[in-house]
1. Return one number: the angle in degrees, 0 to 90 and rounded to the nearest 10, between the long axis of the Cα atoms of helix 98-108 and the longest principal axis of the Cα atoms of the chain.
2. For LEU213, what residues show an amide H to amide H distance below 5 Å, using hydrogens built from the backbone and excluding near sequence neighbours?
3. Could you check what % of the DSSP bridge pairs in the chain are antiparallel, to the nearest 5?
4. Given the Cα atoms of the stretch 5-245, and with Rh set as the inverse mean 1/r over their pairs in the Kirkwood sense, what is Rg to Rh to two decimals?
5. So, in Å, what gap is there between the alpha-carbon centers of the stretch 129-207 and the stretch 64-118?
6. Which angle between 0 and 90 degrees, to the nearest 10, do you get for helix 142-154 versus the longest principal axis of the chain when only C-alpha atoms count?
7. Specify whether the C-alpha gyration tensor of the stretch 137-204 places it in the rounded, prolate or oblate class, a ≥ b ≥ c being the square roots of the eigenvalues: rounded for a/c under 1.5, otherwise prolate if a/b is larger than b/c and oblate if not.
8. Relative to the longest principal axis of the C-alpha atoms of the chain, give the angle of the C-alpha long axis of helix 72-82, reported between 0 and 90° and rounded to the nearest 10°.
Amino acid sequence: MASTPIIEIRQLTKRYHQSDEPAVKKLDLKIGKGEIFGLLGPNGAGKTTTISILCSQINADEGDIFVDGKNLAADSVQIKKIIGVVPQEIALYQKLTAYENLRFFGNMYGLKGEDLKERIMSRAAAFGLEQKLHRKVNTFSGGMKRRVNLVAGILHRPRILILDEPTVGIDVQSKNVIIDYLKQLNEKEETTIVYTSHLMEEAERFCTHIAILDMGKIVTEGKPEELISGYPSCNNLEDIFLLLTGRSLRD
Ligand SMILES: Nc1ncnc2c1ncn2[C@@H]1O[C@H](COP(=O)(O)OP(=O)(O)OP(=O)(O)O)[C@@H](O)[C@H]1O
Ligand SMILES: [Mg+2]
């Protein structure tokens, strides 16, 4: 990698209390500025654990993380300001309207007044939500909730956007809107994107770089096209995924 990584993970280890095996084992990872980085892996591979540590939602047992040259353990308050998070589980208040939810998340990042209103309106329009902003979230479809969840993570224009399976359980239309918007964000605002998924076809089209994680360890990483040409028996990322992670159930 030519440039200094915007995220560097060194020897990260996390063991949950109830578990015999660590969920993440001595994981090393570098993510370059401006990349769309796919952290891929089967159920239980350690994707959510890794990004929850990266977002300071849970603590690691061992290892270091550097974001934009700063140590996460020492500078988490500053680092949180440049990160946007879109969690795997929908994190919205069901009884509030979409607008009230977005205002709440905007306020958490210190946004208010006309500026916040404009940001909500423009992002909502990009996701086809402008007519529905004043409806309660518990009346929304799964796809609409996912889109609101995503808007909540990008109102403060984060330099790094971390998304945990943002396209799971939604239709092709919603998926395309989300992926196209993320591509634009990456191109126009130079947002570095870290995305987890087990949808190999989507990752192959969307990501500039990927790492495949299995049982808490990286099993391969690189640019999708380089990885595919490096495994002569594989035609696509899914073939590589199955070759490296096997066919048995994980959880
Ligand atoms: N709070 C927890 N307590 C105990 N074990 C946990 C906890 N959260 C996750 N684990 C375990 O840690 C391992 C990694 O889980 P994690 O959620 O990071 O995987 P994942 O790759 O995100 O999976 P998925 O694709 O299903 O979302 C799994 O074995 C899981 O059962
Ligand atoms: Mg997960």
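1. That helix lies at roughly 70 degrees to the long axis.
2. Those qualifying (amide H under 5 Å, at least 5 residues apart or on another chain) are LEU40, GLY41, VAL219.
3. Values: 19 of 37 bridges.
Percentage antiparallel, nearest 5: 50.
4. Values: Rg = 17.9 Å, Rh = 18.5 Å.
We get a ratio of 0.97 for the stretch 5-245.
5. Spelled out, the Cα-based centre of one part sits 15 Å from the other.
6. 90 degrees
7. Numbers: a/c = 1.87, a/b = 1.21, b/c = 1.54.
It comes out oblate by the Cα gyration axes.
8. Taking Cα atoms only, the helix is inclined about 40 degrees.
Values quoted throughout were computed directly from the atomic coordinates according to the rules given, and no laboratory measurement underlies them. Predicted, not measured: the structure shown is a model, and the values here were computed from it. Cβ coordinates were reconstructed from backbone atoms using ideal geometry, including for glycine residues, and neighbour counts include every protein chain displayed.
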